[in-house]
Structure formats: structure tokens, C-alpha cells
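Everything below concerns the one structure shown next.
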Amino acid sequence: QNEFDKEALKTVANYYDFLQNYDSAMVMLDKYFEKYPDEQDQELRFRYAKISAWGRDFDKAINITDNLLVSYPNNLDYQLFRAQVSVWTNRDADIAERYLENVLQARPNDLQAIISKASLILIKQDFENAQTLADQAKGIDPNNDDVIKLQSNIDWQKMRAEEEKLYAILELGR
């Protein structure tokens with residue numbers, strides 16, 4: 001009834017998030033933050049960043065998370081999320097690596113951090129270290145969809161790299 005009631009907004013945004021209706025959540029959150037651009041509620045801002053990312057507005061998610069990290073530089077959840085977005089968008093690899101190291105140092109069995117670190121290493125085509133991390137992730141939760149996707153991605157990237165080598169040899173022969 002009152003789209004500027006912060007507590008109601010949090011609840012509705014959570015429900016939209018659970019329903020994966022990110023567009024509706026973004027409309028509400030955008031309106032709220034247009035009216036209250038200096039809102040300091042870190043939980044609401046972090047929800048806004050996450051919903052932005054799920055809605056594929058990665059630039060907004062990065063901007064919001066970076067602003068949160070200015071105010072709360074040691075928050076590992078913010079660091080992990082920022083690193084994940086960097087890995088998903090394949091940019092700011094140095095920031096992602098630093099944040100993932102911080103998270104894994106404090107929480108060595110954090111499954112999402114391990115998966116993100118393996119994905120980051122995979123971008124560099126370091127298949128051996130990526131596989132080591134994938135094996136660690138499998139030890140934590142072998143049935144997790146993200147772990148299964150990671151293994152599939154490693155296998156595919158290995159095959160692709162091998163095919164590129166063979167093609168380069170073929171071209172050299174031609």
C-alpha cells in the first residue's frame with residue numbers, strides 16, 4: 001500500500017526474489033532509492049545489489065556493492081558477492097582474486113567462494129588448479145548444481161583448449 005515503507009519494501013523484495021521476479025523487485029527498489037538516494041540500510045542496499053545482478057544489471061550491482069565496501073570494507077559477504085559478479089562478467093579479475101582470498105582465508109570451506117575462485121582460475125586456463133578447487137567443492141557438496149556446472153565447464157574448457165592446440169598445429173602444417 002505504501003511503496004516507500006522500508007520494512008514492507010524489504011519483505012516484498014524478498015518475496016519477488018524468491019519468485020525470481022527480479023523485474024518487479026527492481027521497479028520497486030529503483031523507485032525507493034530514487035526517492036531516498038542516501039538510504040543507509042546496508043541490508044536493503046545489499047538486497048538491491050543482488051537483485052540487480054540476478055536481473056542482469058551487473059554494472060548497477062557492482063556500483064552498489066562497491067559503495068557498500070567503502071563503508072564496510074571488511075564485510076566478507078560483500079567481498080564475496082563483488083568477486084562473484086567480477087567472475088560472472090569476466091572483469092576486475094585482480095579485485096575478485098583479492099576478495100576471494102580474503103573470504104577463503106576466513107571461511108576455507110565456503111562453497112561459493114571455492115566455486116568462484118575455480119572459475120576465476122579457469123578463465124586463466126589453469127586447468128590443474130581449477131580442478132583441485134573443483135575437487136574440494138565436490139568434497140563439500142557433490143550434488144550442488146554449481147559444483148556440477150563448474151566440473152562441466154572445466155571439462156569443456158579443457159577440450160576446447162586441446163582442440164585449439166590441434167587446430168594451431170593443423171594451420172602450421174598448412
Cβ pairs under 7 Å, 6+ apart, first in segment 23-46 and within 14 Å of ILE64 (Cα to Cα) and in a helix (DSSP H, G or I), second at pLDDT below 85 and open to solvent by 40 Å² or more (accessible area, probe 1.4 Å) | LEU44/LYS6
Evaluate segment 145-164: report whether one residue or more is more than 18 Å from the chain's Cα centre (by Cα) and assigned to a loop (DSSP other than H, G, I, E, B).
-> no
Count of residues meeting criterion [under 17 Å from ASP94 (Cβ atoms) and open to solvent by less than 30 Å² (accessible area, probe 1.4 Å)] in segment 122-137 = 1
Tell me which of these PRO73 doesn't satisfy, since it passes every other one: (1) farther than 30 Å from ASN153 by Cα; (2) over 19 Å from the mean Cα position of the chain (by Cα); (3) surrounded by fewer than 18 Cβ atoms within 10 Å (Cβ to Cβ); (4) modelled with pLDDT of 85 or more.
-> (2)
Name the pairs: first residue in segment 154-171 and over 23 Å from ILE114 (Cβ atoms), second residue open to solvent by 90 Å² or more (accessible area, probe 1.4 Å) and assigned to a helix (DSSP H, G or I), Cβ to Cβ under 6 Å, at least 6 apart or on different chains?
-> none
Restricted to segment 95-118 and to residues being over 12 Å from LEU150 (Cα atoms) and touching an Asp or Glu at 6+ places or on another chain (Cβ under 7 Å), the residue surrounded by the most Cβ atoms within 10 Å (Cβ to Cβ) is VAL103
Output the number of residues of segment 1-10 satisfying the condition of being under 23 Å from the mean Cα position of the chain (by Cα) and open to solvent by 40 Å² or more (accessible area, probe 1.4 Å).
-> 0
Test ASP92 against the criterion of being charged (D, E, K, R) and open to solvent by 50 Å² or more (accessible area, probe 1.4 Å), and give yes or no.
-> yes
Among the helices (runs of 4 or more DSSP H) contained in segment 60-133, which hold 1 or more residues that are over 20 Å from ARG47 (Cα atoms)?
-> 93-106, 111-123
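The values are calculated or read from the model by the stated rules, or taken from the named source; none is laboratory data. Bear in mind the structure is a predicted one, so any value in this text is a computation, not a measurement. A quick note on method: Cβ atoms are made from the backbone with ideal geometry, for glycine too, and the neighbour counts reach across all protein chains shown. Side chains included, ligands, DNA and RNA excluded: accessible areas come from the protein's heavy atoms. Shrake-Rupley method; radii C 1.70, N 1.55, O 1.52, S 1.80 Å.
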